[in-house]
Amino acid sequence: MRRCSPWPDEDYTLADVTLPSLGESVTEGIITRWMKSVGDIVERDEPLFEISTDKVDSELPSPAAGVLLKILANEGDTVGVGAVVAVIGELDGATASPAAPVADAPADAPAAAPAQSAAVTPSAPISTPTNTDKGIVVSPVVRRILDGGGVDARAVQGTGPGGSITRRDAESAVANGPTDDLPIALTPGMRRMAQHMVDSVRTSPHGFVAVEVDASVFIKLDAVGRTTSDGTPINDEALVALAAVRALAEFDFFNATVAGDDLIIHRTINLGFVRSLQPAGMLVPVVHAAGGLTLRALAHRLNDLSERVESRQLTTDDLLGGTFSLLAAPTPSTLVAMPLLIQPNVAALSVGAVRHAPVVVVRDGVEIVEPGRRLVLGLSFDHRVADPDSAAKYLERVGELLAAIDVNAER
């Protein structure tokens with residue numbers, strides 16, 4: 001805390017807003033949005049700004065009540081834990097009106113002139129060009145022309161001072177259409193995803209195998225109902241995840257980490273589930289200690305994680321410690337997808353969409369074709385510790401255990 005006196009006869013406290021610790025191994029974050037502007041009154045614990053890290057996105061609250069005097073880190077800036085990102089002014093014993101920050105005066109400086117009024121009246125707005133697109137100055141008139149013509153200002157080459165877009169530039173762009181490529185900045189989530197995927201490919205030589213398995217268990221699930229006994233939804237992902245976890249007991253080298261010349265096999269299976277974020281990016285929340293769970297228990301855990309992904313209420317712990325990951329079919333028409341490994345995992349399972357298909361079965365010694373359901377499973381694996389033969393055998397075992405699940409008993 002620092003103290004100064006911008007108002008006569010009143011004690012004014014400046015509170016630094018710092019980036020707090022955001023969890024184990026998190027040392028920095030990207031400020032994605034300020035919810036308040038300089039001059040706004042804020043309440044203690046009111047959401048002040050959003051921070052994005054390589055683990056989770058969070059809204060951070062104001063540590064004090066008062067007026068937001070300074071913003072020291074802009075949207076898009078990367079800041080370290082403990083860095084000062086803003087300054088809030090608290091007026092002891094009174095509610096502060098928005099005012100510009102006042103610097104501490106030297107000891108020998110003359111006293112400030114008395115304030116005319118305790119309240120500060122905002123000045124009338126001035127009509128000036130507005131920077132509504134990053135790096136591009138756009139006046140209200142130009143904005144109306146571009147919006148009316150459906151032209152993005154970022155695609156227009158400005159000929160005005162400093163590269164600003166003139167009215168003639170806007171009218172020409174609307175008449176002729178934009179001719180330049182349109183640069184789109186990557187979001188923080190896209191940048192994090194890109195960095196992790198590049199690091200993964202550099203670290204692990206990826207192999208991939210896919211097999212088709214019997215999916216008739218989903219006919220049984222439809223017959224008894226796709227909910228647990230207490231009403232929790234059961235989706236295709238939960239059923240396959242149950243079989244995948246049970247198969248890892250026999251193929252434990254896929255639930256492992258490479259450390260130098262050693263393969264560290266994990267006795268606990270922490271199953272990560274890939275979740276897409278909009279507009280781009282992904283998270284991999286983890287069901288810890290998934291071994292031994294019943295279908296009902298796994299469905300509960302998955303449903304809870306999915307709800308907290310949607311509401312952005314995941315904690316850092318929810319995203320740490322995964323030892324094996326699963327990518328569900330992104331769309332109902334996806335046959336198979338090749339997931340990249342989530343480091344330091346050595347394997348990742350992909351689940352295609354369950355589809356209706358004609359299958360050949362043997363009835364009384366005669367082969368006949370009848371309607372059935374099939375599913376393609378894929379496994380990305382680290383070629384330093386496994387090969388296509390072991391990957392295919394693991395997937396076949398997942399298929400066998402999937403077909404053997406007693407859905408009625410486990411739901």
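The values are calculated or read from the model by the stated rules, or taken from the named source; none is laboratory data. As the structure is a prediction and not an experimental result, all values here were calculated from the model. Reconstructed Cβ throughout: ideal geometry from the backbone, glycine too, with neighbour counts over all protein chains shown.
Of the residues V309, V351, the single one that is under 23 Å from L221 (Cβ atoms), under 24 Å from the mean Cα position of the chain (by Cα), aliphatic (A, V, I, L, M) and buried (at least 16 other Cβ atoms within 10 Å of the Cβ) is V351. Does V336 qualify as being over 26 Å from L263 (Cβ atoms), part of a strand (DSSP E or B) and of a type in the set (A, V, I, L, M, F, W, C)? So V336 fails the test. Figure legend. Inter-residue proximity from segment 229-256: first residues assigned by TED's automatic domain parsing to the domain that holds I269, second residues in a helix (DSSP H, G or I) and among the basic types (K, R), beta-carbon distance below 8 Å, spacing 6+ or different chains. Indicated pairs: S229/R296; D230/R296; T232/R296; A247/R397; E250/R397; F251/K393; F251/R397.
Exactly one residue out of A409, A386 is aliphatic (A, V, I, L, M), closer than 20 Å to L263 by Cβ and out of contact with any helix residue (DSSP H, G or I) (no Cβ under 6 Å at 6 or more places or on another chain): that is A386. Selection within segment 266-284: residues that are assigned to a loop (DSSP other than H, G, I, E, B) and surrounded by 15 or more Cβ atoms within 10 Å (Cβ to Cβ). The member of this set that is farthest from the chain's Cα centre (by Cα) is H266. Residue count for segment 226-265, restricted to those that are buried (at least 17 other Cβ atoms within 10 Å of the Cβ) and not basic (K, R): 20. If you go through segment 358-411 and keep only what is in contact (Cβ under 8 Å) with a residue 12 or more places away in the chain, of a type outside the set (D, E), in a loop (DSSP other than H, G, I, E, B) and farther than 15 Å from L239 by Cβ, you end up with H383, R384, V385, A386. Of all residues in segment 68-83, those that are over 15 Å from L22 (Cα atoms) and not in a loop (DSSP other than H, G, I, E, B) total 4.
Residues are listed down the side, and each one gets a yes or a no for (1) of a type in the set (A, V, I, L, M); (2) surrounded by fewer than 15 Cβ atoms within 10 Å (Cβ to Cβ); (3) at pLDDT below 85; (4) in a strand (DSSP E or B):
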site	(1), (2), (3), (4)
G23	no, no, yes, no
V26	yes, no, yes, no
G39	no, no, no, no
L48	yes, no, no, yes
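Residue-level check: of (1) within 26 Å of G225 (Cα to Cα); (2) without any contact (Cβ under 8 Å) to a residue 40 or more places away in the chain; (3) exposed (fewer than 15 other Cβ atoms within 10 Å of the Cβ); (4) not β-branched (V, I, T), A297 misses just (3). Do we find that V209 is closer than 26 Å to H383 by Cβ, touching a Pro at 6+ places or on another chain (Cβ under 7 Å) and modelled with pLDDT of 95 or more in this structure? So V209 fits the description; yes.
State whether one or more residues within segment 310-323 are part of a loop (DSSP other than H, G, I, E, B), more than 22 Å from S350 (Cβ to Cβ) and free of Cβ contacts under 8 Å to residues at least 40 places away in the same chain. The answer is yes; a qualifying residue exists. Considering the conditions (1) touching a helix residue (DSSP H, G or I) at 6+ places or on another chain (Cβ under 8 Å); (2) within 24 Å of A194 (Cβ to Cβ); (3) in a loop (DSSP other than H, G, I, E, B), L326 is excluded by exactly one of them, (3).
Each row is one residue, and each column tells you yes or no for (1) polar (S, T, N, Q); (2) assigned to a helix (DSSP H, G or I); (3) farther than 28 Å from A403 by Cβ.
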residue	(1), (2), (3)
D169	no, yes, yes
R192	no, yes, yes
S200	yes, yes, yes
F208	no, no, no
F218	no, yes, no
A223	no, yes, no
